[in-house]
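Here is the structure we will look at.
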Amino acid sequence: MTLGKTPQGINMTPLADANVILRYILNDHENFSARAKEIIENEVIEIPIEVLCEVVYVLSGVYSIDRIEIRDALKALFETTRCVLPHRMSVLKGLDYYAEKNLDFVDSLLAGYAVTEGVSVKTFDNRLQKLLVSFNIAGRE
């Protein structure tokens, strides 16, 4: 049996929504931030990649937080808690690309998948294409 799954393969690990992650990182609401801290620091929860994308979008677009700060906060979250992150190594690599390259977060994730999992990425995006070529990974369609 794998973490959080029944013998039938049903996922039993609770999923976190973006607001839980945002309240934990921002610590900006007396009640919700305290509850988010309790959940994140004491429970095993899964953070779907879709939720992570929303978190990055809100931190950058609504709160105007710098890319490096976003990467550092999210990496600290995943390194210091028991949060389950699908495709963990790919996402962590994607966070690095997001902080260091001029790519949006989803393109950064795709680059992370290409590098860590060896998947092919089909793209018309010039910036993503240049990054993939720099890694000797073709991506142009």
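The values are calculated or read from the model by the stated rules, or taken from the named source; none is laboratory data. Keep in mind the model is a prediction, meaning the values are calculated, not measured. Backbone-built Cβ (ideal geometry, glycine too); neighbour counts: all protein chains shown.
General observations
- Any hit, the stretch 46-58, residues being closer than 26 Å to GLN129 by Cβ and aromatic (Phe, Trp, Tyr): yes
- The condition (being in contact (Cβ under 8 Å) with a residue 12 or more places away in the chain, in a loop (DSSP other than H, G, I, E, B), among the hydrophobic types (A, V, I, L, M, F, W, C) and surrounded by 12 or more Cβ atoms within 10 Å (Cβ to Cβ)) is satisfied by just one residue among ILE40, ILE137, ILE70: ILE137.
- Being surrounded by 18 or more Cβ atoms within 10 Å (Cβ to Cβ), without any contact (Cβ under 8 Å) to a residue 60 or more places away in the chain and part of a helix (DSSP H, G or I) holds for only one residue in LEU103, LEU128, LEU109, and it is LEU128.
- Residue match in the stretch 1-16 (condition: in a helix (DSSP H, G or I), at pLDDT 95 or above and surrounded by 17 or more Cβ atoms within 10 Å (Cβ to Cβ)): no
- Filter result for the condition that a residue is touching a helix residue (DSSP H, G or I) at 6+ places or on another chain (Cβ under 9 Å) and closer than 18 Å to TYR24 by Cα, over LEU110, LEU77, LEU103: LEU77
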